[in-house]
Every structure is written in C-alpha cells, then in structure tokens.
Amino acid sequence: MSDIANPGVKQSFQLKSANISLTALELYYFDNDEFEANLRDKISQAPGFFKDIPLVISLDKYEGLDSELDFFKIIGTCRRHNIHVIGVRAANDDQRRLARGASLALMPGGAVREKPSAPEPAEEIPNAAEPAAETQAAAAAPPAEPTPARIITQPVRSGQQVYAPEGDLIILAPVQAGAEVLAAGNIHVYGALRGRALAGIHGAESARIFCQSLEAELVSIAGHYKIPEDLQDNGWKSAVQIQLRDDVLVVSPLDKA
C-alpha cells in the first residue's frame, strides 16, 4: 500500500545494517567424502557451537580446480549437520558464477587472483637532496588519532551481543553465559568471562583476550577458536590472557604475561 494513498500506514519493513558474527569455512580443495568426514570430526569437538550456525565458504586460499567445486554438495552436506551455508567469499569470476548458480550470496573480502601483468615502467626517483612534496606533507601532518576503545560498564547478559567494530572492547563487568562479545582489536573483561569472546574478528592475529576468570563457552582470535574442553586444563577460572602463536591459541596466567 502506498504511503501517498494512506500516509498513516507505515512501510511493511525497514532495511538496517546488522553486526552479525559469522563463521568462515576456509576451503583448500574439495572432495565430497573427505569434506563430510572432516566436517563430522570438527562438529564432534563442539556440537553445541556448530548447531544452526550460518556459514560462509571462503575461497581465498583455495588451491583446487574451480571445476571441482560443487556448492550444491557442500550445501547438502552442511544441512545434514544443521549448518546453513549462506554465502561465498570468491576469488575469481568462475567461483562467483558457481556461487550465483547455487543461489549463494557473494560476500566481500575475497582476494582477487589475477594473471600477472607486464611490469610498469619504473617511476622516476626524486633527488634525495630535494624531498618530494608528498613526503614533506606527510612529515608535517599530525599523527593519526588511535581508534577509541568501546567501554561497557554493565554486565553483558545472556542473549546480548556487544560489538566493537574498529578498536578494543573493554568490559568492566562479567560476561554471562549465552552472551557474545566481539571486537576488531583486543577484548578486556574485568570480571568472569562465561559467554563467547571473539577478538580480531577482521583478521588481526595480534589481538588478545584478557579476563579475570576464564569460564568461557568459546574464545576466538582471528577465526581460531577454543571451546571449554580445550580450556579447562589450562587457566580455567583464573585470570588469563589468550593470544595467537603459530596459528594456535595460547592461554597464559596474567601474572606471567
């Protein structure tokens, strides 16, 4: 119904931006039987985490043939395990075409792999005794202001999600079970961390998680995660920091950081 015909009637919907935590499956090659076996093994490690999650297939590091990609088989396998494939981060036009054919969304962030082009002519190097105008301007420019941290003073309760899209997230209270906190940078919890904490969500591997009592349902840095079964023998219910070293999450006591 048109607003002009009846200005008192609201539109049936609105479009708004949403910050949603997504899990990416980084695919290196595709063999249907091996894919399902690997997926079943991953799910067995954390059944509750994978149930009904939205999944993005990332092809940034895909090394197989594009002709071997079968998104319909991938979708079917994931659905049998209650995982929902919603999109693809493609690296070339063929992968994008296959994703569209499977009615999957094209997600931003895929690294475009192109054929190497002929080298461009070398740029003229300015005389060292006469710095370029751009260099002089950069030297005179004031340093960029650091991204301010988001500070939360109240407990983060079950079902709530708190998101710091650019910098650190500082929480001066507990994070309850069933809550989720996410940050582009570090996460500091000055209380018990009982929910999920995901730091470095844009890929910052230097991000860390700090908390006064580690009781988390899940911790993740730059897509690498651990669940309670991985954490209970290392720093459980004590003050720790968590960081990424050689693609492995390492938990250390804060007094030895």
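The values are calculated or read from the model by the stated rules, or taken from the named source; none is laboratory data. Predicted model, so just to flag it, every value in this text is computed and none were measured. Using ideal geometry, Cβ is built from the backbone for each residue, glycine included, and neighbour counts are taken over all protein chains shown.
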Legend entry - Selection within segment 167-211 - more than 23 Å from GLY235 (Cα to Cα), touching a Gly at 6+ places or on another chain (Cβ under 8 Å) and either surrounded by fewer than 19 Cβ atoms within 10 Å (Cβ to Cβ) or without any contact (Cβ under 8 Å) to a residue 12 or more places away in the chain (or both): GLY167, GLY203, ALA204
Legend entry - Test set (1) surrounded by fewer than 23 Cβ atoms within 10 Å (Cβ to Cβ); (2) not charged (D, E, K, R); (3) not in a loop (DSSP other than H, G, I, E, B) - SER238 fails condition number: (3)
Inset, instruction - Could you grab me the full set of residues in segment 43-73 that are surrounded by 15 or more Cβ atoms within 10 Å (Cβ to Cβ), part of a helix (DSSP H, G or I) and under 21 Å from the mean Cα position of the chain (by Cα)? - result: ILE43, PHE49, PHE50
Inset, instruction - Return the total of residues in segment 82-102 being touching a residue at least 24 places away in the same chain (Cβ under 8 Å), of a type outside the set (Val, Ile, Thr) and over 19 Å from TYR28 (Cβ atoms). - result: 4
Legend entry - Condition check for ALA99: modelled with pLDDT under 90, surrounded by 15 or more Cβ atoms within 10 Å (Cβ to Cβ), outside any strand (DSSP E or B) and touching a Phe, Trp or Tyr at 6+ places or on another chain (Cβ under 7 Å): no
